[in-house]
1. If a residue has to be in contact with a Leu (Cβ under 7 Å, 6 or more places away or on another chain), part of a strand (DSSP E or B) and at pLDDT 95 or above to count, how many in region 146-178 make the cut?
2. Counting only residues that are touching a helix residue (DSSP H, G or I) at 6+ places or on another chain (Cβ under 6 Å) and outside any strand (DSSP E or B), which one in region 309-323 is surrounded by the most Cβ atoms within 10 Å (Cβ to Cβ)?
3. When you go through (1) surrounded by 19 or more Cβ atoms within 10 Å (Cβ to Cβ); (2) outside the structural domain of ILE320 (by TED's automatic domain parsing); (3) in a loop (DSSP other than H, G, I, E, B) one by one for ALA383, which number turns out not to apply?
4. In the list THR236, THR240, THR257, which residue meets the criterion of being out of contact with any Leu (no Cβ under 9 Å at 6 or more places or on another chain) and either assigned to a helix (DSSP H, G or I) or of a type in the set (Val, Ile, Thr) (or both)?
5. Would you check if LYS90 is buried (at least 18 other Cβ atoms within 10 Å of the Cβ) and either hydrophobic (A, V, I, L, M, F, W, C) or more than 24 Å from ALA330 (Cα to Cα) (or both)?
6. Name the one entry in ALA204, ALA279 that is in contact with a Lys or Arg (Cβ under 6 Å, 6 or more places away or on another chain) and part of a loop (DSSP other than H, G, I, E, B).
7. Out of everything in region 386-396 that is surrounded by fewer than 15 Cβ atoms within 10 Å (Cβ to Cβ) and part of a loop (DSSP other than H, G, I, E, B), what residue ends up being nearest to the chain's Cα centre (by Cα)?
Amino acid sequence: MRIVDLKCAVIGQSPVVRIVTDEGVSGYGQIESTKPYLKPQVLFFRDYLLGEDPTNVERVIRKIRRLGAFKPWGSAVSAIEMALWDVAGKAAGLPVYKLLGGKVRDRVRVYNGGVRFPLRGYQPEDFAENMAKMKAAPEGFTIIKQAIGYHGPMLQHLPGSRYGEDVTGSPYLNRGPLTERGLKHLVACVEAMKSVLGDEVGLALDCGPGWTVPDAIRFARAVEPYNILWLEDLITGDYTPYVLAELYREVTTQTMTPTHTGEQIYLRQNFMQLIETHAVRVIGPDPADVGGIAELKWIAEYADLHGIQIAPHGIFDGLIGLAALVQVAATLPQNYIAFEYPVARPEWWYDIIEGLPQPIVRDGFIEVWDRPGLGVEFNVDAARQYLRPEDADFFD
């Protein structure tokens, strides 16, 4: 079997990769729906892949792995890697999890991810109301993650919550010290959420990036009574092209509240310092950014050897990304907590992808399916109407 073409179409806002082989088997991968601009980067790799045996996944990926980088620039390599595993599984007649060493769990836990309800405001009662809606969601999530602090526009709507003015021009405030009033307000919001969730549903907090080390320590200590599952991206994170593991370690060693980061990181080498120095308690690589699903599994195994847990990122990974997350999460060691559940936008994605269970999430879990490859396929007739004119030959 040889690769005869590499195609990429932007469907909705998601670049979708298709690897075409000389035996009529195609494999698919997906880039986050926030990155339609990455189509040219995918196609840049075409000449590296032509003529290769797609079932030699590692050999093929070694040709292009060094040409990626931190989020978003590792997404093309990651999507190609997913598509290669899809081909390899289909060629073998096996689900991808079998090729990764076999599953250790029959269902995988997920947390809310793309299932969100808009906040009315940023007062404690608004967060409590939001958690009541989340707790009642039909997916039955056992873990809910909520943005707070520097993750989103919250602090822009709370006068007197921080020192200084935003001079970055960023859509969100993304750096700076908190005032005592601001810190107390954030803790009150956490208390309000836990008053609704109790000990029935775990609460994780997406916090930044952007906290100073002293504020991160104060906040982490202040919320210790609430048994938060993790504080995510306090120092660095989403679209930050560096890690600063030494600063995370300073926070982590000063609190019982687990710290978490990793969604922006590309490749195992860039997790080494986080893991080996125990700089965080939880890592969160995204298979659509880290270099693919085998890369994520390697990182998870290495973290497990160091007593560090894993909760993979994936909020915008789409339905092909969801399939990849299910396959790899089934194989991860016992440090696995849950992965971030992606939902499809626009809704018509659910009409063009076949093979997903109905409902997808039941009681906070997804049953691991056994179909070959990633286990999902396009309904080509239904999908063609959503192709852009320049991508009209994507399925040909």
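The values are calculated or read from the model by the stated rules, or taken from the named source; none is laboratory data. These numbers come from a predicted model, not from an experiment. Because the Cβ atoms are built from the backbone with ideal geometry, glycine has one as well, and the counts that use them run over all protein chains shown.
1. 1
2. Only one residue fits best here, namely GLY314.
3. (3)
4. THR240
5. So LYS90 fails the test.
6. ALA279
7. Within region 386-396, the match that is nearest to the chain's Cα centre (by Cα) is ARG388.
Residue-wise test of (1) assigned by TED's automatic domain parsing to the domain that holds LEU387; (2) of a type in the set (Phe, Trp, Tyr).
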residue: PHE44; (1), (2): yes, yes
residue: TRP85; (1), (2): yes, yes
residue: VAL104; (1), (2): no, no
residue: VAL110; (1), (2): no, no
residue: VAL115; (1), (2): no, no
residue: PRO118; (1), (2): no, no
residue: TYR122; (1), (2): no, yes
residue: ASP126; (1), (2): no, no
